[in-house]
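The block underneath contains the structure these notes are about, expressed in structure tokens.
The values are calculated or read from the model by the stated rules, or taken from the named source; none is laboratory data. Please read all numbers here as calculations on a predicted model, not as lab measurements. So basically every Cβ, Gly included, is an ideal-geometry build from the backbone, and we count neighbours across all protein chains shown. Side chains are part of the model used for accessible areas, which takes the heavy atoms of the whole protein and leaves out ligands, DNA and RNA. Shrake-Rupley method; radii C 1.70, N 1.55, O 1.52, S 1.80 Å.
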Amino acid sequence: MSTMTFHAPATVAEACALLAAEPGARVLAGGTDLIVQMRSGRIAPAAVIDLKRIGALSGVREQAGGFVIGAATRCTALKEHAALAAAHPGVVEAANLIGSVQVRNRATVAGNLCNASPAADSVPAMIAAGAVALIAGPQGARELPVEHLPQSPGRTALAPGEFVTAIRLPGKAAHSSDAYQRLTPRTEMDIAIVGVGAAITLAGDGSCAAARIALGAVGPVAVLAEAAGAALVGTRFEAAALDRMAEAVQAVCKPIDDKRGSAAYRTAMAAVLARRVVQIARERAGEA
Amino acid sequence: MNAQSGHNAYRVVGTRPVRPDGIDKVTGKALYGPDQIAPNMLHGAVLRSPHAHARIRGIDTSRAEALPGVKAVITARDFPGQESVTFKGGETSGDRRDIAHNCMALHKVLYAGHAVAAVAATSEAIAREALALIVVDLEVLPHVISVAEAIAPGAPVLHDDMFTEGLEPKPAQASNVSATFTMAKGDAAAAMARAAVVAEGRYVTQPVHQGYIEPQACVASWNSDGQGQIWCSSQGHFDVRNLTAGILNLPISSLRVTPLEIGGGFGGKTTVYLEPVAMVLSRKAGRPVRLAMRREEVFAATGPAPGSVFEVRIGADADGRLVALEMEFWNQSGAYPGNTLHGGCATALGAYNIADARATGWDVVSNFADTHAYRAPGAPQSAFAVESCIDEIALKLGMDPLELRLKNAVKPGDPSPSRLPHGAIGYIECLEAAKASPHWNTPVAEGESRGIAGAFWGNYGGPSTVAVSVASDGSVAVTTGSPDIGGSRASMAIMAAETLQVPYESVRVAIADTASLGYSMVTGGSRTTFATGKAVVDACGQIIDSLLARGAQLLGVEPGEVAWRDGAVHCMAAGREGEKLDMAAIAGRVHQFSGPVSAEVQLNAQGYLPGFGVHICDVAVDKETGFTRVTRYTAIQDVGRAIHPDYVEGQLQGGAAQGIGWALNEGYVFDGAGRVDNAGFLDYRMPVCSDLPMIETIMVEVPNPAHPYGVKGVGETSIVPPLAAVGNAVSRAVGKRMRDLPMAPEVVHRALAGA
Ligand SMILES: Cc1cc2nc3c(=O)[nH]c(=O)nc-3n(C[C@H](O)[C@H](O)[C@H](O)COP(=O)(O)OP(=O)(O)OC[C@H]3O[C@@H](n4cnc5c(N)ncnc54)[C@H](O)[C@@H]3O)c2cc1C
């Protein structure tokens, strides 16, 4: 019979030590991916290390002009943090598309990221917003932009013994905002056929000063479509600029055909959603 | 009792009291199938075939048996007389050999998920570990899934002893077509040739699952003296008993089945999957054994509704009178023969007066789970094809689709599919109610479109047994053998309280195990409130008779000098008016009379009537993505008489919700190896709350004279119209007839792109 140990450390250091000591260990945040995978028999970790008892990892803090979201913070708590919701409505709405209210009362955005699903909803939104993962490990702390953390479905850039302690987002910037949308056959409890996040900063004259567009479910990992953002910078979102943006979005799509959607459909929908989220982010930025 | 006399004639019927099982359910106390435990119980697990079609060359269980904690390992060889279980009929119909082989494969596995062995061990973890140690030597055979694959020349044949039933002469070659059935009147081909307009097409639906939340689960205990017990949830524990005893060659009364609360069935829990397996494990291990399916097992191994292919043509004259119908269809019935050909034909011929019509169905087996009943079996698929064509005719003639239906709808006295005249049906009343509804009278919103569809389901009566007893304090116990799926305990209490003229709360209803009452057929066919309800009313009538006789004796008056009023015996003898005896005063005196006050009624209820319905659906289709949102939905249905209106409305809403799911997103997806690729609620997309608007309901009451309170079955009709109601709305939005289900976003997007 296989056995599994369960640990609920109280400090980051303790968690690091436990993780380093057992190569087959898995970190547990909300458990809404981990426990489902364990029950289905897909994984059988030798040890499970719960992060929820580490006080420092729960909650949103405003720090050095930015926001630090502890790795054990439930998605619904993001909505309750007014300043965060005002600064990054796209990230907050993406996190609150995950599953259902019950799921979101457990699930975390760090877990969403570290589960490394290509369709994870909060990830494109975080990438667009310029989020950085704060990492603890046996070799000390380091930081990694969110887009570099997932490596392939189910695999991350975390070294053995490392885990994410928090996600850091920039503070509120003037004339800046973001948005996220996904396409699913159902309105809830579903997995994205495609998801698109956009963060837009407007210049004083209403033209595009900066744009980051990120895509989910159109490749093995969520991607930052740099050319798509670049196609908007300096424009006033004219039809031609939006067309170039949409083409650039489609150019980075490398989806697969599967039961959830054909590659052609996913690619076409990435462009449709990109236009929609750019429009929403732009409107929000104008009001911000 | 005058069924025609309108609601206000009743005190309790038509009110909405709290259901008696409600508190247990909302507080988590209710005991469902997977909750049951027995002392010293073992945990079982079933090994299932990964292949869709294979010959079993051998099974080596020795390593599993050697694992510490394992108490029994079984295969089909441990089932008594598996080869010879061939009889049909009795109380419980169905081919027991097929059911037995579906529970545990004997020579061949017919689908991925087919059980090949089972283990009982001291923990579920050990049982699952033991499964991995069983070596099954399978010779993989080519498989077929779709109708086209299964009927193609040279297709691999699932059953080498299956010769299409209903063909004359009997075919010389075995095939995957198990049966054919035709319903016809007049000369459809000649009438079609004269039609002014014809709508035709090929309509395709996928297998869909009933989607109950509670997985199949049971605890079984089989002693060395031959007596056994099973605790499980089902739609009919008497049939669980009969089927299991039949499969195990056990005298039926040696097996006692105790019903547990059921977490949804929708037709899917009218057969056995685990019970015989748990029994054989228990016999071998000498201890009670629990078996419970995981969700993937539910999807892979329990019966979805059949998929279907319909070729249909409907013709009308220039005034919109339907003149001809020709239909041929193929049911994709899974591993063993299905039985929905009749339902498919009757649905096509039953709702409209079409003088010349012909419907022929073919039942086709293929390599996925044996399909099983799902709410109005066979009807939704057929209504999808027929009601879509009718919408097309309305468009071609520029006619209002509701008026077109009104013009052709069957009325009492018109011939029914069985050729007998229709009884007190209410299709016209439903269409009129639809026409008068707030929904139909609200203009279609900008950017949206509207679909409408009608249909019916035949309903059923059948055998039920009930007992009613009056306790010494005058309170009433009603005992039935009908599992309560949709609030029937409340309805039984209401009908008893109405008949006895006592408060609802003084009647309590329980569902007896198979040793405590005579046979009742499954809760299915929308029969329970009608048939079991009729038995309850009859039994209450007998109780009243007994109380009147006893009361007269106690009062010392002639039997004719008492009357039953307000739950008491009233003296009518001259000069003694006003004297009365309540139920406690009589029932408390057991020792003075021949025994306690109780009555048992057995019946085989006849006179059931079909339920007609009309659904209206508004949709907004996102033209860029193909995503369809149902924005407004109204379900109108002739319910005969709503005993408890909340639960009747619930049935209308539930059927509509399931039908919307069937139309938009549900459907089995098979991978190249014939495995179900979406065996879970994530990718098998039933609608969730946020997908649906509040489903409005309009109950039309055309009472059934064959039931004391006018009841017609209401549970199934509501799933028949939605496929077409949604399809007609989406077709109008897309500007193109949508003939393939589900109409998932990508499918609609493709139609929009190609339109
Ligand atoms: C019913 C249901 C619906 C769902 N719907 C959606 C949806 O709509 N969109 C969506 O994107 N997802 C959905 N999910 C998946 C899941 O809820 C999300 O991915 C969620 O964000 C995971 O967070 P968690 O805290 O529960 O992660 P966990 O399950 O605790 O962990 C997930 C994985 O990440 C690892 N991990 C967790 N935290 C860390 C950390 N700090 N450092 C390193 N590794 C870590 C774990 O070891 C595990 O491998 C759904 C799940 C369910 C059960």
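Evaluating 6.51 cos²θ - 1.76 cosθ + 1.60 at θ = phi - 60° for every residue in the stretch B:182-198, the Karplus couplings come out as 10, 10, 8, 8, x, 10, 5, 5, 5, 5, 4, 5, 8, 5, 6, 10, 10 Hz, glycine and proline recorded as x.
Adding -39500 (n - 2.57) for every DSSP H run of four residues or longer, then dividing by how many residues chain A holds, sets the calculated 222 nm ellipticity at -9500 deg cm²/dmol.
A probe of 1.4 angstrom, applied to the heavy atoms of all protein chains, finds A:VAL123 with accessible area near 10 square angstrom. Would you mind classifying the stretch A:15-111 by shape? Square roots of the alpha carbon gyration tensor eigenvalues, ordered a ≥ b ≥ c; an a/c under 1.5 is rounded, otherwise it is prolate if a/b is larger than b/c and oblate if not. Note, shape of the stretch A:15-111 comes out oblate. Taking every protein chain into account, the accessible area of the stretch A:59-169 amounts to 35 square angstrom per residue (probe 1.4 Å). Only protein atoms count toward the accessible area here, which uses a 1.4 Å probe; on the stretch A:212-288, the carbon and sulfur part of that area reaches 54 percent. If one takes the longest principal axis of the Cα atoms in chain A, at what angle in degrees, from 0 to 90 and to the nearest 10, does the Cα axis of helix A:263-287 lie? Here the helix axis deviates by roughly 80 degrees. Of the residues B:LYS29, B:LYS269, B:LYS396, B:LYS534, ranked by 1.4 Å probe accessible area with the largest first, the sequence reads B:LYS29, B:LYS396, B:LYS534, B:LYS269.
Quick check: the angle from helix A:239-252's long axis to the longest principal axis of chain A, C-alpha only, nearest 10 degrees? Orientation of helix A:239-252: about 30 degrees from the principal axis. Take each residue in B:680-691, count the other chain C-beta atoms within 10 Å of its C-beta, and the mean is 4.
Inter-part distance, the stretch B:347-387 to the stretch A:140-192, computed on C-alpha centroids, equals 49 Å.
Within the assembled protein chains, the solvent-accessible surface assigned to B:ILE99 is about 30 Å², based on a 1.4 Å probe. When we measure straight from the Cα of B:LYS407, which aspartates and glutamates land under 19 angstrom away, once same-chain ones fewer than 8 places off are left out? List returned: B:ASP317, B:ASP319, B:ASP356, B:GLU387, B:ASP391, B:GLU392, B:GLU429, B:GLU432, B:ASP638. Only lysines eight or more places from B:LYS623 in sequence, or on another chain, were considered; those with a Cα closer than 20 Å are B:LYS736. Chain B and chain A together bury an accessible surface of about 2000 square angstrom, both sides counted, with a 1.4 Å probe and no ligands or nucleic acids included. Averaged over the residues of peptide A:180-193, the number of Cβ atoms from other protein chains lying within 10 Å of each residue's Cβ is 5. Summed over qualifying helices (DSSP H, 4 residues or more, each -39500 (n - 2.57)) and divided by its residue number, chain B shows a 222 nm mean residue ellipticity of -8000 deg cm²/dmol. For the stretch B:112-124, the Karplus equation 6.51 cos²θ - 1.76 cosθ + 1.60, evaluated at θ = phi - 60°, returns couplings of 5, x, 5, 5, 10, 7, 8, 10, 10, 8, 6, 8, 5 Hz by residue, with Gly and Pro reported as x. Listed values for the stretch B:218-234 are Karplus-derived 3J(HN,Hα) couplings in whole Hz (6.51 cos²θ - 1.76 cosθ + 1.60, θ = phi - 60°), namely 7, 10, 10, 9, 10, 8, 5, 7, x, 8, x, 9, 9, 10, 7, 9, 6, and x replaces Gly and Pro.
Here chain B carries DSSP beta bridges of which approximately 75% are antiparallel, counting only pairs with both residues inside. Normalising by residue count, the stretch A:59-169 has a Cα convex hull of 91 Å³ per residue.
Taking all C-alpha pairs of chain B, those more than 42 Å from each other amount to 33 percent. Largest accessible area first, the listed residues B:GLU149, A:GLU80 line up as A:GLU80, B:GLU149 when surface is computed with a 1.4 Å probe on the assembled protein chains. Each peptide in B:30-41, B:586-597, B:503-514 was scored by the mean count of other Cβ atoms within 10 Å over its residues; highest first, the order is B:503-514, B:30-41, B:586-597.
Shape call for the stretch B:442-481 from the C-alpha gyration tensor, a ≥ b ≥ c root eigenvalues: rounded (a/c under 1.5), prolate (a/b greater than b/c) or oblate? Since a/c reaches 1.5 but b/c is at least a/b, the shape of the stretch B:442-481 is classed as oblate. Taking all protein chains as they are arranged and a probe of 1.4 Å, the heavy atoms of B:LYS170 leave approximately 140 Å² accessible to solvent.
Structure note, pairs B:LYS269/B:LYS534; B:LYS534/B:LYS580; B:LYS25/B:LYS284; B:LYS411/B:LYS712: Cα-Cα distances above 26 angstrom occur for B:LYS534/B:LYS580; B:LYS25/B:LYS284.
Annotation: amide H-H contacts under 5 Å for B:VAL323 (H modelled 1.01 Å from N, sequence separation of 5 or more, or interchain): B:GLY315, B:ALA316, B:ASP317. Start at zero, step by 20 Å, and the Cα-Cα distances of the protein assembly as shown spread as 12, 36, 36, 14, 2, 0 percent across the bins. Prolate is the label for the stretch B:197-333. Its Cα gyration tensor axes, ordered a ≥ b ≥ c, give a/c of at least 1.5 and a/b above b/c.
The fraction of Cα-Cα pairs per 5 angstrom bin, counted from 0 for the stretch B:596-755, comes to 2, 9, 16, 16, 15, 13, 10, 8, 6, 3, 2, 1, 1, 0, 0 percent, rounded to whole percents. Around the Cα centre of chain B, unit charges on the Cβ atoms of Lys, Arg, Asp and Glu (plus for the first two, minus for the last two) sum to a dipole of about 520 debye.
Taking amide H as placed 1.01 Å from N in the peptide plane, B:ASP414 has its amide H under 5 Å from the amide H of B:HIS422, each at least 5 places away in sequence or on another chain. In straight-distance terms, cross-link reach from B:LYS170 covers every one of the lysines whose alpha-carbon lies under 28 Å from its own, apart from those fewer than eight places away in the same chain; here that gives B:LYS88, B:LYS108, B:LYS185. Note on the stretch A:5-50: semi-axes of the ellipsoid equivalent to its C-alpha gyration tensor, largest first and rounded to whole Å, are 19, 12, 6.
Note on B:620-629: average number of Cβ atoms from other chains within 10 Å of each residue's Cβ is 3.
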